[in-house]
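Single-structure report; data block below.
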Amino acid sequence: MMIKIKLNLQGKVDDSYQVMIGRNLWAAIAKDLAENPPGKKCVVITDSMVIDLYGEKILSALCDAGIDACALYFSAGEASKNPKTWLGLAHEMLRLGYGRDSFIIALGGGVVGDVAGFLASTYMRGIPWVQVPTTLLAMADASVGGKVGIDLPLGKNLLGAFHQPKAVYADIDCLKTLPRAHLLNGMAEVVKSSLIKDAALFFLLEKKGKEIVKLKGDAIAKTLARSVKVKATVVEKDAHETLGLRKILNYGHTMGHGLETLSNYRLLHGFAIAFGMRAAGRIAVEAGFLKKSDLDRQNRLLKKLGFPSRLPARLAVLLKSKSGRSKFFIILARDKKAKSGRVEMVLLSGIGRVKHSGKEWTVPVGEKFIALGLEEIM
């Protein structure tokens, strides 16, 4: 005898939230959270660099607004985005008595957002969280969309979840403390947004890219807002990647993540993605999807903004070796977009347009084309 019992759990959860972009937002953030509290008390998760820059500012603002808060931090850098860091933070929150009525504030760049968001998604089966990004990379990309995760030795973000924040507060004054390399790190994602879905933004970057990188006037705020809108539009339609559309946000990321992993994360994410976009552009041209003139425009913009056109010598030498090339292809086969070990990539059909067929937003790419992509950046 077999007895079947069906649980009817159909329904929709409203995960809507606002992204607020402005200057000197600390008091406004605390006031907003006091008026719309995600929980009874909060823990600010940040890293060893950001705690010194903004830890006191946010804790003072929260305290003035009557919010019970403390801060926990970990060593800055991609190397800390691992299970050990995640478990350590969880144990510390338990020791301090944080329960399901608590919430997390992620204060920092993309690594902090990923670690804090993954902690929020798993702590006591999930608690609310808020994003306060302090880097251009996090403001333009990582803080929006609810993708959170940690790295494993075999690749980036192999443990993760979809856990939308309750709000995102982007204070562009924080960008003043960033070195140029980290501003470029974020600009790569802005360029990506323009290439996949906003040709007008791409044109703006061509005209005012240098001014934007120098944080002059309101150009950076307007550029950031357009980039966020691109991602928001995609996420609204495909929040959990069930339709495949959200994959377009990974333009340049298949090769880029592979290069990051191969470099043991010495290569900054944005620079890796810039190399990945150059490689993907070459592949799209060789496959007949993209005009050579559009590839040239993409590459000219990347160069104008300050991205190198060739890989660091050490990484190039590694990729030329048989063992290094083999390891790179193994990493690509583990990419989340891969199907049965077959590499799938997001490719362009024009500036502001992604190549797609039916419901597929990725294209199978063989080793021959990947080798041509590498040729573009070596």
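The values are calculated or read from the model by the stated rules, or taken from the named source; none is laboratory data. All values derive from a computational prediction rather than experimental measurement. In this analysis, Cβ positions are derived from the backbone assuming ideal geometry, glycine residues included, and neighbour counts consider all displayed protein chains.
Odds and ends about this structure:
- Of the residues Gly366, Gly288, the single one that is farther than 27 Å from Glu211 by Cβ, surrounded by fewer than 16 Cβ atoms within 10 Å (Cβ to Cβ), at pLDDT below 95 and not assigned by TED's automatic domain parsing to the domain that holds Gly160 is Gly366.
- The residues in the stretch 32-57 that are within 23 Å of Gln164 (Cα to Cα), surrounded by fewer than 17 Cβ atoms within 10 Å (Cβ to Cβ) and within 22 Å of the chain's Cα centre (by Cα) can be counted, and the count is 0.
- The sole residue among Val148, Val144 that is buried (at least 23 other Cβ atoms within 10 Å of the Cβ), touching an Asp or Glu at 6+ places or on another chain (Cβ under 8 Å) and within 23 Å of Asp238 (Cα to Cα) is Val148.
- Residue check, Arg310 of a type outside the set (Ser, Thr, Tyr) and farther than 21 Å from Leu295 by Cβ: no
- Long-range neighbours under 9 Å by Cβ, at least six apart or interchain, first residue assigned by TED's automatic domain parsing to the domain that holds Ile29 and of a type in the set (S, T, N, Q) within the stretch 96-115, second crowded, with 24+ Cβ neighbours inside 10 Å and modelled with pLDDT of 95 or more: Ser102/Cys42; Ser102/Val43
For every residue, the table says whether it meets (1) without any contact (Cβ under 8 Å) to a residue 40 or more places away in the chain; (2) under 18 Å from Ala142 (Cβ atoms); (3) out of contact with any Gly (no Cβ under 7 Å at 6 or more places or on another chain).
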{"position": "Leu204", "(1), (2), (3)": "yes, no, yes"}
{"position": "Gly209", "(1), (2), (3)": "no, no, yes"}
{"position": "Lys214", "(1), (2), (3)": "yes, no, yes"}
{"position": "Ala219", "(1), (2), (3)": "yes, no, yes"}
{"position": "Leu224", "(1), (2), (3)": "no, yes, yes"}
{"position": "Ala232", "(1), (2), (3)": "no, yes, yes"}
{"position": "Leu245", "(1), (2), (3)": "no, no, yes"}
{"position": "Tyr251", "(1), (2), (3)": "no, yes, yes"}
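- Number of residues in the stretch 120-139 that are more than 20 Å from Val13 (Cβ to Cβ) and either out of contact with any Cys (no Cβ under 6 Å at 6 or more places or on another chain) or part of a helix (DSSP H, G or I) (or both) equals 7.
- Sole residue being on the phi < 0 side of the Ramachandran plot and surrounded by fewer than 17 Cβ atoms within 10 Å (Cβ to Cβ), chosen from Leu159, Leu178, Leu205, Leu137: Leu159
- Hey, Arg282 within 22 Å of Pro153 (Cβ to Cβ) and either touching a strand residue (DSSP E or B) at 6+ places or on another chain (Cβ under 6 Å) or at pLDDT 95 or above (or both) or not: no
- Subset tally (residues that are in contact (Cβ under 8 Å) with a residue 40 or more places away in the chain and part of a strand (DSSP E or B)) for the stretch 354-378: 3
- Residue count for the stretch 259-308 satisfying the condition of being within 16 Å of the chain's Cα centre (by Cα), hydroxyl-bearing (Ser, Thr, Tyr) and outside any loop (DSSP other than H, G, I, E, B): 1.
- Of note, Ala30 satisfies the criterion of being closer than 16 Å to Leu107 by Cβ, of a type in the set (A, V, I, L, M, F, W, C) and either touching a residue at least 12 places away in the same chain (Cβ under 8 Å) or not assigned by TED's automatic domain parsing to the domain that holds Ile127 (or both).
- Identity of the residue in the stretch 301-320, without any contact (Cβ under 8 Å) to a residue 40 or more places away in the chain and in contact with a helix residue (DSSP H, G or I) (Cβ under 9 Å, 6 or more places away or on another chain), that ends up nearest to Ala279 (Cα to Cα): Pro308
- Within the stretch 1-31, if we keep just the residues that are under 21 Å from Gly113 (Cβ atoms) and small (Gly, Ala, Ser), the residue that is surrounded by the fewest Cβ atoms within 10 Å (Cβ to Cβ) turns out to be Ser16.
- Looking across the stretch 69-87, the residues that are modelled with pLDDT of 95 or more and surrounded by fewer than 15 Cβ atoms within 10 Å (Cβ to Cβ) come down to Cys70, Ser75, Pro83, Lys84, Leu87.
- Qualifying positions in the stretch 256-287 - touching a residue at least 60 places away in the same chain (Cβ under 8 Å) and of a type in the set (Val, Ile, Thr): Thr261, Ile273, Ile283
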